[in-house]
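*Asks:* I have a structure here, written as structure tokens, and I will follow up with some questions on it.
The values are calculated or read from the model by the stated rules, or taken from the named source; none is laboratory data. None of the values given here were measured: they were computed from a predicted structure. Cβ placement follows ideal geometry from the backbone for every residue including glycine, while neighbour counts extend to all protein chains displayed. Ligands, DNA and RNA are stripped out before the accessible areas are found, and what is left, the full protein with its side chains, is counted by its heavy atoms. Shrake-Rupley method; radii C 1.70, N 1.55, O 1.52, S 1.80 Å.
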Amino acid sequence: MIHGITLGAEEELQIVDQHSLELVPHDFERGQAEFPDQNGSSSCELHKAVVELQTPICTTPDQIVASVASMREIIRLRAQSQGQRILSAGVHPFSNWKEQEINKDHLKHQHYIRLVDEYADIMRSLVSYGFHVHLGLPSGIPPMPIFNSLRNSLAAVLAISLSSPFYEGRDTGMQSWRHSMLDRLPRMGTPDIWQSEEEYFGHIQLLRKVGTLEAQHGMWEDLRLHHRYHTLEVRICDATPSLDHIWLITALLQCEVACLVQDYQNGSLPKPLSRACLEENKWRVRRRGLAACLIDWGSEESVSLVDYFTHWLARIEKVARQLQLFESIQEKVQALFLQGASADIQRGIFQRSENYQTLVKHLIHATEEAQFAPTSYLQ
């Protein structure tokens with residue numbers, strides 16, 4: 001029987017004016033005082049048009065989605081009281097980054113002030129929104145072997161979340177423009193293969209020693225071993241309005257990590273692919289989305305993303321059935337390829353309307369009115 005892989009998630013939400021639908025500054029402290037956190041927590045970020053929600057530690061994807069939905073409603077009420085709305089997507093389709101206010105109170109936001117001082121306009125322009133999943137391992141399982149092999153699944157997980165095709169009033173031609181923004185920063189993208197937890201954190205300590213990283217902060221890559229929680233934190237995903245997609249991302253990651261733990265115990269972990277190989281597949285997903293063909297580096301052939309998911313589900317089926325997740329995963333993967341990721345849906349709406357206001361109204365509705373039927377008993 002599988003012993004639990006614990007879960008946690010973070011989602012960065014956009015705050016927009018209810019009339020102009022532009023990104024606008026949100027008074028976070030006022031909002032939190034008027035509508036306290038429930039079934040989760042929240043925090044401000046560098047830009048005032050961002051509110052991040054955090055779930056508690058969970059054991060099932062249903063619990064993750066319940067917390068996200070609950071906290072979205074709290075933040076919606078806060079925004080409403082300030083003449084604002086919320087939406088979830090990797091970037092805003094037409095707002096200009098140069099007009100966005102940042103948090104720069106010297107008493108409260110020293111970290112953000114230092115980031116802007118170090119990264120200048122790269123950081124000021126990084127008005128982007130992600131969805132992160134934390135995975136806690138069973139006691140006694142060393143994290144780095146699991147970390148190294150989990151890297152192989154990152155591109156496919158990104159494909160589910162794609163939601164940033166438009167930026168500053170243009171169709172970028174990408175499915176995730178957010179990653180084109182993130183890649184301008186150091187310590188981003190696909191992580192290297194690390195031999196041990198000690199080596200990984202030794203490198204972080206060195207970066208702190210030489211002044212590159214602040215104390216108590218870590219690297220920002222698509223997957224990291226968290227410097228405080230010691231969870232595997234998957235950071236590659238765009239923020240996405242669909243609760244079904246959030247559930248699917250979380251469920252697939254929980255099942256994959258459970259499989260990797262079993263593989264480690266059996267001495268049969270999949271060989272971790274090089275950063276160069278993984279970046280090739282990530283690029284294909286960023287550019288083509290669900291229509292991408294990934295490179296199977298073993299056979300040196302291209303594989304459609306549909307076939308990739310078919311093989312992935314076959315790999316995790318036994319574990320997913322033990323967790324009572326398999327049928328729902330299968331159903332939501334089928335729906336994903338029929339309906340598209342958010343980026344596909346956004347392009348369809350814009351092609352019909354040729355209106356960015358209509359597109360943002362869709363994202364607001366998809367976020368604020370998102371529905372989800374629980375697929376397993378909450379534990």
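*Asks:* If you take every residue apart from D296 with its C-beta less than 14 Å away from the C-beta of D296, what net charge results, scoring Lys and Arg +1 and Asp and Glu -1?
*Replies:* -1
*Asks:* Is the C-alpha gyration tensor of segment 245-362 telling us rounded, prolate or oblate? Criteria: a/c under 1.5 is rounded; beyond that, a/b larger than b/c is prolate, otherwise oblate.
*Replies:* Because a/c hits 1.5 or more and a/b fails to exceed b/c, segment 245-362 counts as oblate.
*Asks:* Using 20 Å as the cut-off for backbone N distance, which residues of segment 293-333 belong to the label zone defined by a point 7 Å from the Cα of S274 along Cα→Cβ?
*Replies:* 294-303
*Asks:* Highest first, please rank the peptides 153-160, 92-99, 257-264 by the mean number of other Cβ atoms sitting within 10 Å of their residues.
*Replies:* Going by the mean number of other Cβ atoms within 10 Å, highest first, we get 153-160, 257-264, 92-99.
*Asks:* Hey, how many Å between the Cα centroid of segment 330-376 and the Cα centroid of segment 53-119?
*Replies:* 20 Å
*Asks:* Which net charge results for the neighbourhood of R224, defined as the other residues with beta-carbon distances under 10 angstrom from its beta-carbon, given Lys and Arg at +1 and Asp and Glu at -1? Please report the intermediate quantities before stating the final value.
*Replies:* Working: positive: R187, R235; negative: E221, D222, E233.
With Lys, Arg at +1 and Asp, Glu at -1, the neighbours total -1.
*Asks:* Which value, in debye to the nearest 20, describes the size of the charge dipole of segment 105-204 about its Cα centre when Lys and Arg Cβ atoms bear +1, Asp and Glu Cβ atoms bear -1, and nothing else is charged?
*Replies:* Approximately 240 debye in magnitude.
*Asks:* On to the next question. If a/c stays under 1.5 just call it rounded; otherwise compare a/b with b/c (prolate if a/b is bigger, oblate if not). Do that for the chain, with a ≥ b ≥ c from the square roots of the Cα gyration tensor eigenvalues. Don't skip to the end; give the middle numbers.
*Replies:* Working: a/c = 1.43, a/b = 1.24, b/c = 1.15.
Cα axes put the chain in the rounded bin.
*Asks:* Could I ask something else about it? Starting from the Cα of N96, move 7 Å in the Cα-to-Cβ direction to define the label point; list residues of segment 107-130 whose amide nitrogen is under 16 Å from there.
*Replies:* Those under the cut-off are 125-127.
*Asks:* Tell me, in nm to one decimal, what length is gained between Q18 and R352 on full extension, where the rule is 0.36 nm per residue of separation less the Cα-Cα distance?
*Replies:* This chain segment gains 118.0 nm when fully extended.
*Asks:* What figure, in Å² to the nearest 10, do you get for the accessible area of V127 with a 1.4 Å probe and non-protein molecules left out?
*Replies:* Roll a 1.4 Å probe over it and V127 shows about 10 Å².
*Asks:* Per the helix-only calculation at 222 nm, which mean residue ellipticity applies to the chain, given -39500 (n - 2.57) for every DSSP H run of n ≥ 4 and division by its residues, nearest 500 deg cm²/dmol?
*Replies:* -14500 deg cm²/dmol
*Asks:* I'd like the Karplus ³J(HN,Hα) series for segment 244-252: coefficients 6.51, -1.76, 1.60, θ = phi - 60°, whole numbers in Hz, and an x wherever there's a Gly or Pro.
*Replies:* 4, 5, 4, 4, 5, 4, 5, 5, 4
*Asks:* Another question, then. Mind checking the dipole of segment 159-297: about its Cα centre, +1 per Lys or Arg Cβ, -1 per Asp or Glu Cβ, Debye to the nearest 20?
*Replies:* Around 360 debye, computed over segment 159-297.
*Asks:* If you take the square roots of the eigenvalues of the alpha-carbon gyration tensor of segment 88-141 and sort them as a ≥ b ≥ c, do you get rounded (a/c under 1.5), prolate (a/b over b/c) or oblate?
*Replies:* It is oblate, given that a/c is not under 1.5 and a/b is not larger than b/c.
*Asks:* Please list D37, D117 in order of solvent-accessible area, largest first, computed with a 1.4 Å probe with all protein chains present.
*Replies:* Details: D37 45, D117 130 Å².
Ranked from most to least accessible, the order is D117, D37.
*Asks:* Any chance you could run the full-extension gain for R184 through A120? It's 0.36 nm times the residue separation minus the Cα-Cα distance, nm to one decimal.
*Replies:* Contour length minus Cα-Cα distance gives 21.9 nm.
*Asks:* Separate question: Find, among the GluC sites (Glu not before Pro) in segment 216-324, those assigned to loop by DSSP (not H, G, I, E, B) with at most 12 other beta-carbon atoms within 10 angstrom. Mind dumping the intermediate values first?
*Replies:* Numbers: sites: E221, E233, E256, E279, E280, E300, E301, E317; in loops: E221, E300.
Those that pass, being in a loop and sparsely packed, are E300.
*Asks:* For L13, what charge total do you get from the other residues with a beta carbon under 11 Å from its beta carbon, if Lys and Arg give +1 and Asp and Glu give -1?
*Replies:* Result for the local shell: -2.
*Asks:* Stretch L77-K108 to full length: gain in nm at 0.36 nm per residue minus the Cα-Cα span?
*Replies:* Gain on stretching L77 to K108: 8.7 nm.
*Asks:* Right, another one. Can you give the FRET efficiency to the nearest 0.05 for A33 and F337, using r as the Cβ-Cβ distance and R₀ = 45 Å?
*Replies:* The computed FRET efficiency comes out at 0.55.
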